[in-house]
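The structure appears below as structure tokens.
The values are calculated or read from the model by the stated rules, or taken from the named source; none is laboratory data. Just so we're clear, the structure is a prediction, and the values are computed from it rather than from any experiment. Here the Cβ positions follow ideal geometry from the backbone for every residue, glycine too, while neighbour counts run over all protein chains shown. We work out accessible area using only protein heavy atoms, side chains counted, and drop any ligands, DNA or RNA first. Shrake-Rupley method; radii C 1.70, N 1.55, O 1.52, S 1.80 Å.
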Amino acid sequence: MSASDILLETHEVVVRFGGNTAVDRVGIDVRTGTVTGLIGPNGAGKTTLFNCITGMQRPDAGRIVFAGEDITRLAPGSRARMGMARTFQRLELFLSLSVRDNIRVAGDIVRANTGRRIDVEAETDRVLELTGLTDIAHRDVSDVPTGRARVVEVARALMTQPRLLLLDEPASGQTEQETERFAELLRGLADDGLAVCLVEHDLPLVMGLCSRIHVLDHGALIASGTPAEIQESPAVIEAYIGTEVVA
Amino acid sequence: MFLTFTVLGLVLGAVYAIAASGLVLTYNTSGIFNFAHGAQAMIGAFTFYQLQVVWGVPTLLAVAIVLGILGPLMGYLLHRFIMGGLRDTAEVTKIVVTVAILLGFVSLSHWVWSPQDARMVRMFFGADSYVSIGGVVIRYHEIICLVAAAGIAIGLRLLFTKSRMGVVMRGAVDDPDLLRLNGHDPERVAAIAWAMGSTLAVLAGILITPVGGGALEANALTLLVIDAFAAALFGRLRSIPRTFVGAVVLGMASTYLVAYAPSNWTWVTNLRDALPMILLFVVLLVLPQDRLRGAAVRTRERYEVPTVRRAAIWGVVLVVATVAFRQLIDDSSVGTLILGLTFAIIALSLTLLTGYAGELNLAPISFGAIATLVAFHTGITGQGLDARMSLTGLVLGVLAAAITGALVALPALRLRGLYLALATLAFGGIVSSMVLRETQPRSWFGHEFALFPQGTIIVWPLKVGPLDLGDQDVFLYTTATIFAVLGVGVIALRNSGYGRRLAAMKDSPAAAVMLGQRLVRLKLSVFMISTAIAGLGGILMSMALSSVTSDHFVYTLSLSLVMLTVVGGIGYVSGALFGGLIAGAGFSLIVGTFNELGSAHPEHASTFSIISHLILVAVALVGVGVAHNPSGNMSSIFAGHRFLAGAPEVRYAAIGVTVVLYGLAYAGVIGTWTFGILVAVLWMALPALGLWLRAERLLPPEALAARRGVPLELVGVDVPYPDGFGGQLDRTLGLPARARRATPTIPAQAQAPSEEGESHVRV
């Protein structure tokens, strides 16, 4: 699979809540080996689209294709077993486990639920090292501050050896330093062939990190392109009036 | 005839609807599913009986007192003193607290209104006041039921759609903070809802007894909660109109069943009693799957997981202690101790299922009943006093329990934990009202036999090779060993990848699914392991009892076992030991002791009887106390003892004292009771004792400094610089942890907030 293959695509996805169309015929794509950003003002439909991709929300119309397969009607767990992993905006850590066990259990789950044989212990150590969590590995996860807890969620997702990593507002609650280190980690992962897609409010992070960006407003896709193209798009500037768009 | 039965069905449905709407009301405003709903109805009906029949209060006044004062007051007090304290606790804790209230009400009613006496409640205006429409007789009482239900339906509809109060009520569970922000008081709203809900329960209670024949019976009324729940399920516990539809379906179905089933189907009356429970399973099957929602909220329950090595050491200690304790008690008490340990094995099934996986089984002993029956029919060999249970019977019994567990759990597994809890309670009801009533022979798969012959079966002790449980001492030691081995096994399971997956599922189902975990499969497997353990414990329990009747599997026994295990600490194997010993041995010991005292001193017999009843009610109060200490007693004891790690000499001294006391007891200088109480008090008070004797080695520096009035910065100047201080400073400053030293750990609340940022945990 080459670096620019499309791994995930949405086609004309529609979600209605009562009379309100939260997502209106949106088509985006996420490519292997890249970091893709999904941005837009509050209420633009980012999270709803995100939920359609992960399977927490059933779209009213449209198709979602992952690794060449139509997954529109697939349960969240099946998508995960196909190689999709996500983090949560409101963190969903396993609060009774240590940092290490939070990551290790993801390996346990993979072993028990897919045919893949992975060396859980060794893989846990590798992921801890990779994400820079070794120093807090034995802490209670409930004592870890938000910024690093977000990294724990990424590490946990990485244990499943995913092809697509979906991040829901990963930078919220992180200090500037932490965000920088975090961006570096994601860039490295993408270079190794992972497809990363993030929903994010931190525009500097998105502009600096993503190679492609999709912009949603009022449920509709108003622009797709490179950071430079997005910053010059009149539609995007209009949608963000009153909000500073910084490179 | 058809019309008459339709009217009867409608009336029954109307009463179910009244009960069910109360349940839905409290559940939706406080988020607590009230298992004591039926028990409240029962208290209402008995109070009404007491007023109207015993004291001769005019009917209208009696109704006014029960509906106007008892109902609302009961609801208000429950909310004010108990339910209000349940915020931020796990669903299990909430369920157990209402279960404790149920048990409290049941023992209260048994105390005041002896279950041996028959009581009748007549219809309002008597059975002779009726109107006849086209040949169909409708009694005034039935009209009252129908009118009351219709009035409540309209009233609730108006309340929820038209009144401000109703709208606020609907929001009370979803977002109490938002309500508060808008100037409402969610607590007040919940209090009103509880008052209304319990009034509806009481109303249903006084209406239903004459409809069902007039005999006032505490158990049947208490289980009204299952009928109400089955009806409420039609509306997914949310919609009042659909709940009414469900109630009418339920009422009609049970009336038609009795009316039109062939008369040679002798089991139809049993089936009718079990119908709501069976219907409940059917509705569960067709309910759509719950939507996956993130909800990793920190609850107040906290459990530590011991290592397998520690667990193994404690397992050996338990067996040795059992052998040592056996030497102190006389032969007649051994049976009681065995019974306690077999209950502890059943409780162990809850440690795994509830403590580790967060699911609930409210009828563990009913699974024991299934296992017992299968073992009884397949495993008894030999004749007369030489008859024994074979290993095959034991294994088949355990397998049967596991398979039954799978069948019971499957319909509910796609749904939230509450539904599984209710499904198990319904299963307990089915076992009691159908299986255990199969006392007459009938043809089963071509063989003619009774499932539960004559209502009493003799379960002979197990014999495997040289091991013969016919010997009491051997039985006792074997049971203790089985508990120890299973306990260590359960802890080993928790420390394995399987156990971590259970913890993940319990903490955040959404995250576990998004990592690829198949939840239903995992829940099913843990439920089957758990019911297998319950089955094994149940067979051992039956062997310990030897002569077994349906009373030994009554649902209240399961409920008290669950409750006491939570009180002990459901996340701990020791919690199971605590719960099992109290439920299996403690009760009978207490009641037995007071009965003996009563017969020894006849002039004080009534006093002793009151005390023993009081203890039974008090046990329920202990269960209610779970709200304040949701992690259980064992958790508090462990926390205290962890504290003692800095001063091992305190423990050595305690061990020494225990040995000396044992010696005294063995020599007969002090009694067994005295020994038991002294040892228990010694070990429970040990943390306080240690603190008093060895404060300087146990307390963190700040606490110690605060005790002496020395400011923290002068530690090391004015007072000695203690060992643990370096580690404490590191943590406060956010420095990486050094290698672990043998220093006292500092309680979490003493830890300063981290410099790195706010914790992410939602409290």
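On the stretch given as segment B:527-544, residues that are closer than 12 Å to B:I365 by Cβ and open to solvent by 10 Å² or more (accessible area, probe 1.4 Å) total 0. Taken together, the residues in segment B:405-456 that are in a helix (DSSP H, G or I), β-branched (V, I, T) and in contact with a Gly (Cβ under 8 Å, 6 or more places away or on another chain) amount to 0. Checked against (1) touching a residue at least 12 places away in the same chain (Cβ under 8 Å); (2) open to solvent by 20 Å² or more (accessible area, probe 1.4 Å), B:A62 passes all but condition (2). Here's a check for you: in segment A:135-149, which residue that is under 20 Å from the mean Cα position of the chain (by Cα) and open to solvent by less than 10 Å² (accessible area, probe 1.4 Å) is modelled with the lowest pLDDT? It comes out as A:G147. Every condition in (1) touching a strand residue (DSSP E or B) at 6+ places or on another chain (Cβ under 7 Å); (2) touching a residue at least 24 places away in the same chain (Cβ under 8 Å) holds for B:G84 except the one numbered (1). Answer yes or no: is there a residue in segment B:57-77 that is within 21 Å of B:G126 (Cβ to Cβ) and not in a helix (DSSP H, G or I). Checked segment B:57-77: at least one residue is within 21 Å of B:G126 (Cβ to Cβ) and not in a helix (DSSP H, G or I).
Going by the structure shown, is B:A583 outside the structural domain of B:L352 (by TED's automatic domain parsing) and in contact with a Leu (Cβ under 9 Å, 6 or more places away or on another chain)? The answer is no for B:A583. With respect to B:V431, is the statement that it is open to solvent by 20 Å² or more (accessible area, probe 1.4 Å) and more than 30 Å from A:F94 (Cβ to Cβ) true? Criteria not met by B:V431.
One line per residue, one yes/no per condition, for (1) within 28 Å of the chain's Cα centre (by Cα); (2) in contact (Cβ under 8 Å) with a residue 12 or more places away in the chain:
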residue	(1), (2)
B:D177	no, no
B:D185	no, no
B:P210	no, yes
B:I226	yes, yes
B:F234	yes, yes
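Does A:R63 meet the test of being more than 7 Å from chain B (Cβ to nearest Cβ), basic (K, R) and open to solvent by less than 10 Å² (accessible area, probe 1.4 Å)? It is false that A:R63 is more than 7 Å from chain B (Cβ to nearest Cβ), basic (K, R) and open to solvent by less than 10 Å² (accessible area, probe 1.4 Å).
Evaluate the following for B:L557: is it at pLDDT 95 or above and open to solvent by 40 Å² or more (accessible area, probe 1.4 Å)? Taking the combined requirement at face value, the residue does not satisfy it. What tally of residues in segment A:141-164 results from selecting those that are within 20 Å of A:Q174 (Cβ to Cβ) and within 10 Å of chain B (Cβ to nearest Cβ)? Going through segment A:141-164 one residue at a time, the tally reaches 14. The sole residue among B:A654, B:A576 that is within 30 Å of B:R694 (Cβ to Cβ), in a helix (DSSP H, G or I) and open to solvent by less than 30 Å² (accessible area, probe 1.4 Å) is B:A654.
The number of residues in segment A:78-134 that are farther than 20 Å from A:A183 by Cα and either at the interface with chain B (Cβ under 7 Å from one of its Cβ atoms) or over 18 Å from the mean Cα position of the chain (by Cα) (or both) comes to 35. Just one of the numbered conditions (1) open to solvent by 20 Å² or more (accessible area, probe 1.4 Å); (2) more than 22 Å from A:V13 (Cα to Cα); (3) at pLDDT 90 or above is not true of A:L221: (2). For segment B:111-160, filtering for residues that are closer than 30 Å to B:A618 by Cα, among the aliphatic types (A, V, I, L, M) and not in a strand (DSSP E or B) leaves 3. Tallying residues that are among the basic types (K, R) and modelled with pLDDT of 85 or more within segment B:205-251 yields 1. Of all residues in segment B:29-47, at least one satisfies being surrounded by fewer than 21 Cβ atoms within 10 Å (Cβ to Cβ), more than 29 Å from B:D117 (Cβ to Cβ) and assigned by TED's automatic domain parsing to the domain that holds B:S132. Checking B:A90, B:A118, B:A62 one by one, the residue that is at pLDDT 90 or above, of a type in the set (G, A, S) and in the same structural domain as B:M165 (by TED's automatic domain parsing) is B:A62 and no other.
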